[in-house]
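See structure below.
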Amino acid sequence: MPELEDAILYIGGGASQIVPIASLSEAAFYVAATDRNLSSPCATVASDVFTVDATDIAGLIEVADKISKHRRLVGVYGVADYAFASVMAVARHIGLKGPVAESVELFTDKARTVTRLRDNGLPVPETHWVGQPGKRPPPKQLEALSGQNIVVKARSLNNSSGVHVLPGCNLDMIHAAIDSIYAQSDGVLIESFVEGYIANVDGLMLDGSFFSISTTRRRNDPDIPSICTTMIQPAGGPEFTEKASALAESAARALGMVTGPLTVDLIVAGDGEMTILEVSPHFHNIGSEILRKNGNPLLAYFTWLRGDPGWRTYLPNGSARHGVLCQKLIDQSGTIVSIEGREELARQPGYAASHFVRDVGDRVSCGPLHKDLLCLVWATGRNEGEINALIEHVECHLVAVINNSDT
């Protein structure tokens, strides 16, 4: 009987996953990607695409069973926080070696996450209040919060879009933020605001052994702080990486992660002090890691899962190259009539790849908590200076011209 083809169930087929999925396909894995519709941007690089929602556990188990009839399913991966329960359920159903974690809730309930991290001596923001629908902070606590710099966000990691940064807040601002969260989530978490810039550190746990993967410095949209627009690798020098990786390993162990990927959101203060904001059970920016030729953590993970002794060859190799992923957002609602700077994009220093999700003639929208995505652009260079020209081109010269007279 011929040997079965090794397969991966990849939950999430958005544009940012084109590079990672293509790398797995090129490594001779059968990659079954899932998306809400068959027009997934990854359809051209995946072996197959299934129209299943990332939270549909029964549907994903059905897909896994279909794959397993003709192939050897060696791994399952979810690109988003809200896919973790599905990932764990499929892994248990098939009997995979990973991921293995103490509980789904420790990763998906931000209040439980931060409590566990704090109890283990890790630096986290101060928690002011945790609430459920219909509940409000007591009047005295609201008065105490008024005038402070706070963050109001969804308690569940399954909904990370509702993040309200309230500097010098007043009572009306607090109530409005709570109402907004309750409209889309079943719990609210209020924390102290920590000054600094956002970074991510990725790690991989394999049967209790931790491997540092990468660091990423993020720039977020000035209007909507929860939307990331630019992701630069690495985030700092060797000392930064060592410190961030130590925090990631401690967080993984505190949360009971035994096998699987994770990314830790950090706030880095001006003096270099790091505070853990959140921990998510997936990698952050694998496309840049692959394009700057610093290994491939997904291949390391999946080759380890299938028992391949060569898995270490895919771990980070200390590449000195830098990488960036830019997410170009649209600031108006209406119809795209032209895209300025598109032809010049591929001629920019360090340009590696791009994917446009909107084109001329498409209707787009922009609101207080949402901006449509125009495109993703990847670049690499010998240093950060070499990729700054491309970042400037994307931010300043790549423009979707919008006709908003029909909105």
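The values are calculated or read from the model by the stated rules, or taken from the named source; none is laboratory data. Everything quoted here is computed from the prediction, not taken from an experiment. Every residue, glycine as well, gets a Cβ built from its backbone with ideal geometry; the counts of neighbours run over all protein chains shown.
Residues Ile190, Ile232: which one is in contact with an Asp or Glu (Cβ under 7 Å, 6 or more places away or on another chain), among the aliphatic types (A, V, I, L, M) and surrounded by 15 or more Cβ atoms within 10 Å (Cβ to Cβ)?
From the options Ile190, Ile232, the qualifying one is Ile232.
Would you check which residues across segment 1-44 are β-branched (Val, Ile, Thr) and surrounded by fewer than 21 Cβ atoms within 10 Å (Cβ to Cβ) and list them?
Thr44
Sort through Cys375, Cys396 and tell me the only one that's within 27 Å of Ser226 (Cα to Cα), hydrophobic (A, V, I, L, M, F, W, C) and touching a residue at least 24 places away in the same chain (Cβ under 8 Å).
Cys375
Can you go through Ala244, Ala235, Ala248 and tell me which one is of a type outside the set (Lys, Arg), in contact with a Gly (Cβ under 7 Å, 6 or more places away or on another chain) and either free of Cβ contacts under 8 Å to residues at least 60 places away in the same chain or part of a loop (DSSP other than H, G, I, E, B) (or both)?
From the options Ala244, Ala235, Ala248, the qualifying one is Ala248.
Report whether or not Ile181 is modelled with pLDDT under 95, more than 17 Å from the chain's Cα centre (by Cα), surrounded by 23 or more Cβ atoms within 10 Å (Cβ to Cβ) and not in a loop (DSSP other than H, G, I, E, B).
Criteria met by Ile181.
What single numbered condition from (1) buried (at least 18 other Cβ atoms within 10 Å of the Cβ); (2) of a type in the set (A, V, I, L, M, F, W, C); (3) at pLDDT 90 or above fails to hold for Met173?
(1)
Inspect segment 202-209 for any residue being among the charged types (D, E, K, R), assigned to a strand (DSSP E or B) and either at pLDDT 95 or above or over 21 Å from Ile150 (Cβ atoms) (or both) and give the result as yes or no.
The answer is yes; a qualifying residue exists.
Is segment 136-147 home to any residue that is touching a residue at least 24 places away in the same chain (Cβ under 8 Å), among the polar types (S, T, N, Q), in contact with a Gly (Cβ under 7 Å, 6 or more places away or on another chain) and farther than 29 Å from Gly208 by Cβ?
no
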